[in-house]
Amino acid sequence: MSLPATMSGVLLTGHGGPEKLVWSDTIPVPQPGPGQVLVRVAAAGINNTDINTRIGWYSSAVTTATDAVSEPAEAGGWAGALSFPRIQGGDLCGHVAATGPGTTLTEGARVTCQVNLPRPTTEAPTAFIALGSEVDGAFAEYCLCQADDLFDVTASPLSDIEIAAMPCACGTAWNLLDRAGVEAGQKVLVTGASGGVGLAAVMLASHLGAEVTGQTAPDKAHAVRAAGATATLGRSDTPPKDSFDAVIDVVGGPAWPELIRSVKPGGHYAVSGAIAGPVVTADLREIYLRDITLYGCTYQPRKVFARLVELIVAGLVRPLVSKTYPLRDIAIAQEDYMSKRYPGKLVLIP
């Protein structure tokens, strides 16, 4: 197909508030080289990752919850300093618009990919780059990808919007469950259970046959139960001690010690977020005397995401999308996201 010379999209011009998100109609359309594919973006989900990167939350200088950052920090990307301007957006669903030499995807195919793109080496077996952080992402009309990072989801019965809601939330949740070894019959606690990753973890753990308790605000308990939870706890409730085979955590913060105490001896705790605060207090005796295993979960092998794609293509899991917005309204969408007004996912449409 004939490609335009420029496209519309949102440029992140530096760390800071929503004013750092600048709309542009004159972004050059990237041209695919060998092994690359140009994807026309159909929909792009909103994530904590995008907001955390914008405000510089990943900097070690930041010790507060994500909604309490008062001053942007430098070197606030996943891997430290970012180059600006940057097109953010890690949640991608789109259609192949053009391909470079050495690729097998066909024009028009519907595709998606991981947010954290694995780049392991012998020296760094968990190395990755993040779509929308180290490379430009999906908050524009087109997104340039490596062909080997893409998955064909043309056959899925899910809509473009639903698929765009899944890479970060469901990919992160699936990775957490995989690392924690969650299986049928186990008891699992999920924190932040009404958010994107939390609700996905509830849905996917239930799909695996686990008995899930979701910790959430009372007004969103119905959505958590609808996703598969058999029980819910309020955000300020203390989880019962020695009760869960696995705790899946995206919250962290002051309540962290109670989460550790809620794990059964010999159980597993997996974390991939800290929206209530990244700095926690631990009594190491409650970990080593009870043989608790802790997993930090960011790197995701391609084979793990590939198993999620199988569920997507078969239509066996379906995310909750509460609202969609034109891409131009990204600041409004992120404000709604941070308000935690809606359960599940919010999605932008270019």
Using only the alpha carbons of segment 191-350, determine the length spanned along each of the three principal axes and report them from longest to shortest in whole angstroms.
-> 52, 33, 29
Take the solvent-accessible surface of the protein heavy atoms, probe 1.4 Å, and return the percent of it on the chain that carbon and sulfur atoms account for.
-> 54 percent
Any lysines with Cα under 23 Å of the Lys264 Cα? List them, leaving off those in the same chain fewer than 8 positions away.
-> Lys187, Lys241
Taking alpha-carbon centroids only, segment 112-155 lies from segment 199-253 a number of Å equal to 29 Å
Among DSSP beta bridges lying fully in segment 80-220, give the percent that are antiparallel, nearest 5.
-> 65 percent
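Using helices alone, what [θ] at 222 nm do you get for the chain, with -39,500 (n - 2.57) per DSSP H run of 4 or more residues, divided over all residues and rounded to the nearest 500?
-6500 deg cm²/dmol
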How about Lys323: which lysines have a C-alpha closer than 20 Å to its C-alpha, ignoring those fewer than 8 places off in the same chain?
-> Lys220, Lys340, Lys345
Would you tell me the accessible area of Glu310, worked out with a 1.4 angstrom probe on the heavy atoms of the protein chains, in Å² to the nearest 10?
-> 120 Å²
Within a Cβ distance under 12 Å of Thr6, other residues only, what is the Lys/Arg minus Asp/Glu net charge?
-> -2
Gyration tensor (alpha-carbon) shape descriptor, segment 263-304, a/c threshold 1.5 = oblate
So what is the diffusion coefficient of segment 6-52 in µm² per second by Stokes-Einstein at 20 °C and 1.002 mPa s, using a Kirkwood Rh over Cα pairs?
-> 167 µm²/s
Given a cut-off of 13 Å, what percent of all Cα-Cα pairs of segment 202-247 lie beyond it?
-> 53 percent
If you average 1/r over every pair of different alpha-carbon atoms in the chain and take one over that average, what Kirkwood value in Å do you get?
-> 20.4 Å
Under the Karplus curve 6.51 cos²θ - 1.76 cosθ + 1.60, θ = phi - 60°, whole-Hz ³J(HN,Hα) for segment 156-162, x wherever Gly or Pro sits | 5, x, 6, 6, 4, 5, 5
Would you mind telling me which residue in Leu294, Leu259, Leu131 has the biggest mean-square fluctuation in a Gaussian network model of the chain, where springs connect alpha carbons within a distance under 10 angstrom?
-> Leu294
Taking amide H positions as placed in the peptide plane 1.01 Å from N, state which residues far from Phe128 in sequence (5 or more) or on other chains have amide H under 5 Å from it.
-> Arg119
What residue among Met166, Met338, Met203 has the largest mean-square fluctuation in a Gaussian network model of the chain, using Cα springs under 10 Å?
-> Met338
Regression test value, accessible area per residue of the chain, probe 1.4 Å, units Å², expected 41 Å²
Looking only at Ser243, Ser194, Ser133, which one moves most when the chain is put into a Gaussian network model with springs between Cα atoms under 10 Å?
-> Ser243
Amide H proximity to Leu320 below 5 Å, modelled H, separation 5+ or other chain, gives Lys345
Prolate/oblate/rounded call for segment 111-211, Cα gyration tensor, a/c under 1.5 rounded | oblate
Principal axes first, then extents: for the Cα atoms of segment 178-226, list largest minus smallest coordinate on each axis, whole Å, largest first.
-> 30, 17, 13
Give the range of the longest stretch in the chain that excludes all trypsin sites (Lys or Arg not before Pro) found in loop regions by DSSP and having at most 16 other beta-carbon atoms within 10 Å.
-> 1-234
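The values are calculated or read from the model by the stated rules, or taken from the named source; none is laboratory data. Source: prediction; values computed, not measured. Quick reminder, even Gly has a Cβ in these numbers, built from the backbone with ideal geometry, and neighbours come from all protein chains shown. Accessible surface areas use protein heavy atoms only, side chains included; no ligands, DNA or RNA. Shrake-Rupley method; radii C 1.70, N 1.55, O 1.52, S 1.80 Å.
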